[in-house]
Amino acid sequence: MERAEAYGLSGAMSGAFLLSCLLFAAVSRRQRGPYMDEVFHVPQAQAYCHGHFLQWDPMITTLPGLYLLSVGVVKPAAWLLGWTGNVVCSVGMLRFINLLFSAGNFYLLYLLLFKIHQKNKAVSGFQRILSALTLATFPTLYFFTFLYYTDPGSVFFTLFSYLMCLYGNHKTSALLGFCGFMFRQTNIVWTVFCAGNVVAEKLNEAWKIELQKKKDEKISSRKGSFSDLTRILQFLVEYLLSPKNLVALTVLTWPYIMLVSLFFVFVFINGGIVVGDRSSHEACLHFPQLFYFLSFTVFFSFPHLLTPAKIRKFLLSLRKHPVQYGLITVIFLFLIWKFTYVHKYLLADNRHYTFYVWRKVFQRHNLVKYLLVPFYIFAGWSFADTLKSKSIFWILMYLVCLLAVTVPQKLLEFRYFILPFLIYRLNIPFLSLYRQLLELAFYILVNAVTFYLFLNRTFQWENSDEVQRFMW
């Protein structure tokens, strides 16, 4: 990193942290007590603060990583600064933990962008800093910086694990992956993703050697026709069935294998992946979740995905391959017809944006969910098109992880899309400076609207005296 870039990054991080502190103060003044899921998280952390480590709220569904780390940070800080009484492990102190995670996420996002795109000499230091700033203010994640939720910490440890994986520090990566798992059990998928990065790299190397042996055959390791894909899948099966290759991959990925094995032991002993309230978190094959994620990604990455050039390219592809797209349409329609689920929380809780998305869009008519299929197909095509710079093995690995982390979820919850979105966004090519600025301005606008609604547009339910607020 050059000196000018280091100064620029320091200035951007300092400025962002200062503005976040000001916003944090505004949120804390308006919402002093626990709100939404904080009514479970805050008392649990406070119980740990008082040394009651065997006390557990059965409504909490995640492991105690957030509470353990909070005690590990707040208690020493209180001792050093001489804090006593209610200020120790107060709502404000616990929320401040996530503000620290937010600053860490900013730095990790920059380091990941630097590592992933280090071969692209056309990208300037300013563009990397701008892109890191944009992702650090990603609205769905940034909002929960100011509440005591698991999301900022979950993202921090997962991104840190991914960074260590890219640098080849796999034991450290697996250890950080365990920390992420302690924040949210589904983060085990991103441990598999890190292992998949190693496997995809070796597969790509072997595939290039295979291509050298068949120079007369025009087979692409990036993308190609259906026959090319068939050959790649055949090569994949042959490679993974080789005992020699399996041993080599096991040697490289054993820290991740151990962590995944530990996860399965946990699931067996616990009787499921959810720790507490399982009735509201039942796993199912909710395939339309993938379509919701693609729509979510198009919305927040429209400078990348929703451009006139991409639309023209998609229409040309549609004209060239009508049979394939017709088959995809039939499959999408079938998946929506047979595998659409509506969680009771989605219909009952009018504090979340998803409540209004579902009511204003999907509940207008029963056919709406089918009429959106052309948009889903475009979103999927555009999504894949932006990843064409990655190897086919990386894309397959990421797709498997994306399906694993979204499809089993019955509840439509935008927070579940944060990590798959960030991993995707980190790995696509940089835009022009103008489009980067447009993306940042859009995120700032969405954040401004969200915080304005949360702070100022309060309301009350008929049977409750508590103030209710709009949120993600």
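The values are calculated or read from the model by the stated rules, or taken from the named source; none is laboratory data. Here the structure is a predicted model, which means the values were calculated and not measured. When we count neighbours, we look across all protein chains shown, and the Cβ atoms used for this are built from the backbone with ideal geometry, even at glycine. All accessible areas refer to the heavy atoms of the entire protein, side chains included, with ligands and DNA or RNA removed. Shrake-Rupley method; radii C 1.70, N 1.55, O 1.52, S 1.80 Å.
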Got a sec? Which of PHE106, PHE96, PHE101 is touching a Pro at 6+ places or on another chain (Cβ under 9 Å) and either surrounded by 19 or more Cβ atoms within 10 Å (Cβ to Cβ) or within 27 Å of GLN44 (Cα to Cα) (or both)? PHE101
Output for segment 296-306, where each listed residue is farther than 19 Å from PHE362 by Cβ and either in a helix (DSSP H, G or I) or within 17 Å of the chain's Cα centre (by Cα) (or both): PHE300, SER301, PHE302, PRO303, HIS304, LEU305
So for segment 446-460 (the condition being assigned to a loop (DSSP other than H, G, I, E, B), free of Cβ contacts under 8 Å to residues at least 60 places away in the same chain and among the polar types (S, T, N, Q)), does at least one residue qualify? yes
Could you tell me whether segment 80-90 includes any residue that is assigned to a loop (DSSP other than H, G, I, E, B), in contact (Cβ under 8 Å) with a residue 40 or more places away in the chain and either open to solvent by 30 Å² or more (accessible area, probe 1.4 Å) or not aliphatic (A, V, I, L, M) (or both)? yes
When segment 349-364 is checked residue by residue, the ones that are part of a helix (DSSP H, G or I), touching a helix residue (DSSP H, G or I) at 6+ places or on another chain (Cβ under 8 Å) and loosely packed, with under 14 Cβ neighbours inside 10 Å are VAL361
Looking for whichever is crowded, with 16+ Cβ neighbours inside 10 Å, closer than 25 Å to GLN363 by Cβ and touching a helix residue (DSSP H, G or I) at 6+ places or on another chain (Cβ under 7 Å) here; the options are PHE263, PHE339, PHE293. Which one fits? PHE293
Where the second residue is β-branched (Val, Ile, Thr) and the first is under 24 Å from PHE296 (Cα atoms) and lies in segment 306-327, which pairs have Cβ atoms under 9 Å and are six or more apart or on separate chains? LEU306/VAL298; LYS310/THR386; PHE314/ILE377; LEU318/ILE377; TYR325/ILE377
So, LEU285, is that one closer than 30 Å to HIS41 by Cα, touching a Phe, Trp or Tyr at 6+ places or on another chain (Cβ under 7 Å) and exposed (fewer than 15 other Cβ atoms within 10 Å of the Cβ) or not? yes
Could you check how many residues of segment 443-472 are touching a Ser or Thr at 6+ places or on another chain (Cβ under 9 Å), open to solvent by 30 Å² or more (accessible area, probe 1.4 Å) and not aliphatic (A, V, I, L, M)? 1
From ASN120, ASN98, residue being within 30 Å of GLN436 (Cβ to Cβ) and either in contact with a strand residue (DSSP E or B) (Cβ under 6 Å, 6 or more places away or on another chain) or not in a helix (DSSP H, G or I) (or both): ASN120
Which one of these is open to solvent by 20 Å² or more (accessible area, probe 1.4 Å), farther than 25 Å from VAL274 by Cβ, outside any helix (DSSP H, G or I) and not polar (S, T, N, Q): GLY33, GLY11, GLY15? GLY33
Open to solvent by 40 Å² or more (accessible area, probe 1.4 Å) and either among the aromatic types (Phe, Trp, Tyr) or out of contact with any Leu (no Cβ under 6 Å at 6 or more places or on another chain) (or both) - does that describe any residue in segment 418-428? no
Consider LEU81 carefully, then state whether it is among the aliphatic types (A, V, I, L, M) and either touching a strand residue (DSSP E or B) at 6+ places or on another chain (Cβ under 8 Å) or closer than 22 Å to PHE183 by Cβ (or both). no
When the residues of segment 432-442 are narrowed to those that are open to solvent by 30 Å² or more (accessible area, probe 1.4 Å) and in contact (Cβ under 8 Å) with a residue 12 or more places away in the chain, which ends up farthest from PHE138 (Cα to Cα)? LEU433
Can you name the residue in segment 225-242 that is at pLDDT 85 or above and part of a loop (DSSP other than H, G, I, E, B) and is also nearest to LYS320 (Cα to Cα) among such residues? LEU241
Number of the condition not met by THR450 [criteria: (1) of a type in the set (S, T, N, Q); (2) within 23 Å of LEU347 (Cα to Cα); (3) at pLDDT below 95]: (3)
Write out, first by first residue and then by second, each pair whose Cβ atoms fall under 9 Å of each other, whose residues are 6+ apart or on separate chains, and whose first residue, in segment 40-63, is open to solvent by less than 80 Å² (accessible area, probe 1.4 Å) while the second is among the acidic types (Asp, Glu). PHE40/ASP57; HIS41/ASP57; PRO43/ASP57; GLN44/ASP57; ALA47/ASP57; ILE60/ASP37; ILE60/ASP277; THR61/ASP277
